[in-house]
Amino acid sequence: MVPTFKNIHLKFKVNGFHYSREYLIELAYDFVKEGKSFEREIGDFLFDWLDDSETIKVKTSGSTGTPKTMELSKQAMVNSVLATGDFFSLVPGNKALLCLPVTYIAGKMMLVRAMILGLELDIVEPSSNLEFDTNKDYDFCAMVPMQLEKVLDKVDNIKTIIVGGVPVSNSLKTSIQTLKTKVFETYGMTETVTHIALKPVNNTSNSKPHFKVLPGVTISQDDRGCLVIEAPKLCQEKIITNDIVKIHSEMEFEWLGRFDNVINSGGVKLFPEQIEAKLQGKIMSRFFVASEPNNELGEQLILVIESKSNELNSEVFSTLDKFEKPKAIYAVKQFAETSSGKIQRKNTLALIKK
C-alpha cells in the first residue's frame, strides 16, 4: 500500500528520539515556543503538515522571477519522496542530516523523507559554515553548493549528498572528485516538488554525465528548445520551463542555460551559464555574465562583478572562445539577491552606473 501524508513511519526519529504523530505535534509546539529561528520554521512546517488539509503552502526562492507562494499537494510530496527513496535505495533506519532551512521546498522535503521513509534525522542549524557530528555516519543529506564547498574535508562520513539550488561550478566539481561521498546534482523546482532529475558529479566513469529523470517523469522540448516536464504523480499540469536543454534519450538531458538569459550577439547564441562555468575559480568575487544593447551586434556580452573595481587580468579570459569574451566589465559594490542568497540578475543590472 502506498503511504499517504497521514502516515508517520514507526522508525522515524528526530535527533535520536522516536516521534509518533501525537508527539510530533508536541515537538512542533516546543520548536515554535522555545526554539531558535530555524527551529521555529520547522515547527511551523510540522503544524502545517500534520493538519487535515491535503495541501500545503510553499514559497519559491525568486531566483528566476518574483518570489511567490504556491500550494502543493501533500500526497505529491509523498510521491516525490518515494521516487527519491527508490533511486537511492533508502530504507527505514537510515540516517539523514537536515542542514537546509525549511523556508523552501528542499528543506521541507528532507523532513518529509524522514517521516515517510522512516529515516533517523539529525537537525543542525543551516548556515554557510555547517557544524555537524563528523564522527557519526549518515546515509543521506541535501546541501547547496556553498555549504558543500566549505565542508569538503568533513563529509567522508556521509554516504550520499544531493546538491541543488544553483548549478555546481566546475571548480567544485573538480574538488569533489577525490571524495568517498557520492555527490549528485539535482534538477527541479518548487512546481515539481523539488528534484525530478539527478546527475552524478563524482565517482562516475562518464566525464560529462547527463541528468537522468526519476521514474514516472516524461520529458520533451518546446519550439524554443526548452524542457517540458510531465509528472502526473507530482503535478497535474504539464510544466513548460525556461531551461534550454539537449535531450539525449527519453530519460536523459543536458542543461545548457536559461532561455531568458541567452544572448544573441551578432547572430551568435551565447549561454551565460556556460561562460560563467569556464570563469569559475578565476574570479575571486561573485560575478555573472549578461548583455547590453549594441548598435552593431544587437546585444553585446558584458561581465558584472561584485567589487569596487572593474579591473581584471586578461588571463582570466584565456579559456573563453572568441565570442565569449566580454566587451565590457562593470563593478557593483553589492549584488541584489533573494532572501536565500541567490543573485537577482535583473535587479543587479539596474544598479550599474555607466
Check: When every alpha-carbon pair in the range 194-242 is counted, what percent end up more than 17 Å apart?
Finding: 43
Check: Along each of its three principal axes, how wide is the spread of alpha-carbon positions in the chain, in whole angstrom units, largest first?
Finding: 67, 40, 40
Notebook entry, point to check: Ignoring any ligand, DNA or RNA, what whole percent of the accessible area of the range 189-289 comes from carbon and sulfur when the probe is 1.4 angstrom?
Noted result: 48
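Would you mind telling me the share, in percent, of accessible area of the range 18-143 contributed by carbon and sulfur at probe 1.4 angstrom? Walk me through the numbers before you get to the answer.
On the way: 2550 of 5610 Å².
Carbon and sulfur: 45 percent of the exposed surface of the range 18-143.
Given that compact globular proteins tend to follow 2.2 N^0.38 Å, what is the ratio of the alpha-carbon Rg of the range 88-135 to that value?
Taking N as the residue count of the range 88-135, the ratio is 1.15.
Could you tell me which of the pairs K13/K108; K212/K246; K74/K212; K108/K173 are separated by over 19 angstrom between their Cα atoms in the structure shown?
Distance filter (> 19 Å) returns K74/K212; K108/K173.
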Next item on the list: On a 0 to 90° scale, report how tilted helix 74-87 is relative to the longest principal axis of the chain, with both axes built from alpha carbons and the result rounded to the nearest 10.
Entry: 80
Next item on the list: For the range 65-134, report the accessible area per residue in Å² (1.4 Å probe, heavy atoms, rounded to an integer).
Entry: 35
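Run the numbers for D52 and T319: contour at 0.36 nm per residue of separation, minus the present Cα-Cα distance, in nm. Working shown, then result.
Details: separation 267, 0.36 × 267 = 96.12 nm, distance 5.60 nm.
The span from D52 to T319 would gain 90.5 nm if fully extended.
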Notebook entry, point to check: If you average 1/r over every pair of different alpha-carbon atoms in the range 122-182 and take one over that average, what Kirkwood value in Å do you get?
Noted result: 11.9
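Enter the accessible area per residue of the range 167-247 (Å², integer; probe 1.4 Å; all protein chains in place). Walk me through the intermediate numbers first.
On the way: 3960 Å² over 81 residues.
Each residue of the range 167-247 exposes 49 Å² on average to a 1.4 Å probe.
Among the DSSP beta bridges whose two residues both lie in the chain, what percent are antiparallel, rounded to the nearest 5? Walk me through the numbers on the way to the answer.
On the way: 41 of 64 bridges.
Of all bridge pairs located within the chain, approximately 65 percent are antiparallel.
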Item checked: Table column - 3J(HN,Hα) (Hz), the range 164-176, Karplus curve with 6.51, -1.76, 1.60, x for Gly and Pro -> x, x, 9, x, 6, 6, 4, 5, 5, 4, 5, 5, 8
Item checked: On Cα atoms only, tilt of 37-50 relative to the major axis of the chain in degrees -> 60
Notebook entry, point to check: Taking Cα atoms, how many degrees apart are the long axis of helix 21-34 and the longest axis of the chain, rounded to 10 and kept between 0 and 90?
Noted result: 60
Item checked: Relative contact order (%) - criterion: Cα under 8 Å, at least six apart; region: the range 230-354 -> 16
Notebook entry, point to check: Residue by residue through the range 90-104, which ³J(HN,Hα) values in whole Hz follow from phi under the Karplus form 6.51 cos²θ - 1.76 cosθ + 1.60 (θ = phi - 60°), with glycine and proline marked x?
Noted result: 6, 10, x, x, 4, 9, 10, 10, 9, 10, 9, x, 8, 4, 10
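Can you pull the semi-axes for the range 213-326, root of five times each eigenvalue of the Cα gyration tensor, sorted largest first, whole Å? Display every interim value, and only then the final one.
Numbers: eigenvalues 215, 53, 31 Å².
Semi-axes (√(5λ), whole Å): 33, 16, 13.
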Margin query: Whole-Hz ³J(HN,Hα) for each residue in the range 192-198, computed from phi via Karplus 6.51 cos²θ - 1.76 cosθ + 1.60 with θ = phi - 60°, x for glycine and proline: what do you get?
Written below: 9, 6, 6, 6, 10, 8, 9
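The values are calculated or read from the model by the stated rules, or taken from the named source; none is laboratory data. Note that this is a predicted model, so its numbers are computed, not measured. These accessible areas exclude ligands, DNA and RNA; they are computed on the full protein's heavy atoms, side chains included. Shrake-Rupley method; radii C 1.70, N 1.55, O 1.52, S 1.80 Å.
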